[in-house]
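Undergrad: Dropping a structure here in structure tokens format, bear with me for questions.
The values are calculated or read from the model by the stated rules, or taken from the named source; none is laboratory data. All values derive from a computational prediction rather than experimental measurement. No Cβ is skipped: glycine too gets one built from the backbone with ideal geometry, and neighbour counts run over all protein chains shown. Ligands, DNA and RNA are stripped out before the accessible areas are found, and what is left, the full protein with its side chains, is counted by its heavy atoms. Shrake-Rupley method; radii C 1.70, N 1.55, O 1.52, S 1.80 Å.
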Amino acid sequence: MRFRNKTALVTAAAHGIGRAAALRLRDEGARVFALDRDGAALATLDGVEPIVLDLLDPKAITALPETLGAIDVLANIAGFVAAGSILSGSDEDWMLSFDLNVHAMHRMIRAFLPGMLERGGGAIVNMSSIASSVKGIPNRHAYGASKAAVIGLTKSVAADFVAKGIRCNAVCPGTVDTPSLRQRVAEQAAAQGISVEEAHAAFVARQPMGRLGQEDEIAALVCYLASDEAAFTTGAVHVIDGGWVN
Ligand code: NAD
């Protein structure tokens, strides 16, 4: 029960890695605010307090701490994966990548950090990706740039508040089997005129372990970093990718 008497807020909690992280935190004793724009899916989660909110709405983020109060753990999981290179990707995708992956994260931290400082501590876990400053991955131009910004944001928060009891770490998964990944597989199949099975096999073929990551494997790392067991790590880039960048 690493999170007994702790309050955690998890974004993108309705599906995928965020959902797995919210459930783990709940199972380990935390009071969990599960935030997502998909209220119907949030309603299927037991034992958490759902917050239906669009992270692209800055005013809604700013108003959140007044409603929720101070928290101990902020898990910023929400992110958008845009396909394309610098030439083929759209300006809209570039803007959305930064609005959701970076600006919303920045706003969430700015909203909840003062409460953590008042309490004398807190843990922030930011979802990046190996598609970032860690590795250039084809067809992930806007995504990779935005996830590199997540690492810079993480390190800067960690450096500024390390002496005030705040830890801030980044998680960089490789390919993880989630609803959004399954959607990308289907899109790739349609774009290349191949079957979904063939497109899925191409994603798996990039993995030295011969398999994709599982949501709960990433959620386990998120929870470790959010817990007091990780008291000696901050400003760090935690790669979890089945050996892809090794
Ligand atoms: P997912 O698509 O399975 O779930 C994303 C969730 O975010 C959904 O519940 C969706 O409703 C919510 N969401 C999207 N836009 C929102 C908004 N504007 N406001 C509120 N909620 C919003 O995603 P996932 O694959 O679990 O990815 C989660 C994070 O992990 C992302 O930051 C992603 O970039 C990162 N990541 C994923 C992989 C992977 O292979 N799946 C790899 C590396 C990093």
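Undergrad: Cβ-Cβ below 6 Å, separation at least six or inter-chain, first residue in region 6-27 and hydroxyl-bearing (Ser, Thr, Tyr), second open to solvent by 10 Å² or more (accessible area, probe 1.4 Å): which pairs?
TA: Partner pairs satisfying both residue conditions: Thr7/Arg31; Thr7/Asp72; Thr11/Ile77; Thr11/Ala78.
Undergrad: I'd like the full set of residues that are without any contact (Cβ under 8 Å) to a residue 40 or more places away in the chain and part of a loop (DSSP other than H, G, I, E, B), limited to region 136-174.
TA: Gly136, Ile137
Undergrad: While we're on this one: Which residue pairs have Cβ atoms closer than 9 Å, lie 6 or more positions apart in sequence or on different chains, and pair a first residue in region 47-58 that is charged (D, E, K, R) with a second residue that is open to solvent by 70 Å² or more (accessible area, probe 1.4 Å)?
TA: Close Cβ pairs satisfying both conditions: Glu49/Arg31; Asp54/Arg37.
Undergrad: Here are some residues: Val81, Val73. Which one is away from the ligand (no atom under 16 Å from the Cβ) and crowded, with 18+ Cβ neighbours inside 10 Å?
TA: Values: Val81 fails: away from the ligand (no atom under 16 Å from the Cβ).
Only one candidate qualifies: Val73.
Undergrad: Please verify whether region 145-161 includes one or more residues that are of a type outside the set (Lys, Arg), touching a strand residue (DSSP E or B) at 6+ places or on another chain (Cβ under 7 Å) and open to solvent by 60 Å² or more (accessible area, probe 1.4 Å).
TA: There is no residue in region 145-161 that is of a type outside the set (Lys, Arg), touching a strand residue (DSSP E or B) at 6+ places or on another chain (Cβ under 7 Å) and open to solvent by 60 Å² or more (accessible area, probe 1.4 Å).
Undergrad: Exactly one of these conditions fails for Gln183: (1) among the polar types (S, T, N, Q); (2) under 22 Å from the mean Cα position of the chain (by Cα); (3) surrounded by 14 or more Cβ atoms within 10 Å (Cβ to Cβ). Give me its number.
TA: It fails just one condition, (3).
Undergrad: Out of region 201-243, which residues are surrounded by 14 or more Cβ atoms within 10 Å (Cβ to Cβ), in a loop (DSSP other than H, G, I, E, B) and modelled with pLDDT of 95 or more?
TA: Within region 201-243, Leu212, Ser227, Thr233, Thr234, Gly235, Ala236, Asp241, Gly242 meet the criteria.
Undergrad: So which residues in region 19-70 are part of a loop (DSSP other than H, G, I, E, B), of a type outside the set (Asp, Glu), more than 10 Å from the ligand (Cβ to nearest atom) and surrounded by fewer than 21 Cβ atoms within 10 Å (Cβ to Cβ), if there are any at all?
TA: Taking region 19-70 as the starting set, the residues that turn out to be part of a loop (DSSP other than H, G, I, E, B) are 28-30, 37-38, 43-48, 53-57, 69-70.
Filter once more, keeping what is of a type outside the set (Asp, Glu): 29-30, 37, 43-45, 47-48, 53, 55-56, 69-70.
Pick out the ones that are also more than 10 Å from the ligand (Cβ to nearest atom) and you get 29-30, 43-45, 47-48, 69-70.
Scanning region 19-70 gives Gly29, Ala43, Thr44, Leu45, Gly47, Gly69, Ala70.
Undergrad: Can you work out which of the residues in region 1-18 that are within 16 Å of the ligand (Cβ to nearest atom), among the β-branched types (Val, Ile, Thr) and part of a strand (DSSP E or B) is surrounded by the fewest Cβ atoms within 10 Å (Cβ to Cβ)?
TA: Step by step, filter region 1-18, then rank; the result is Thr11.
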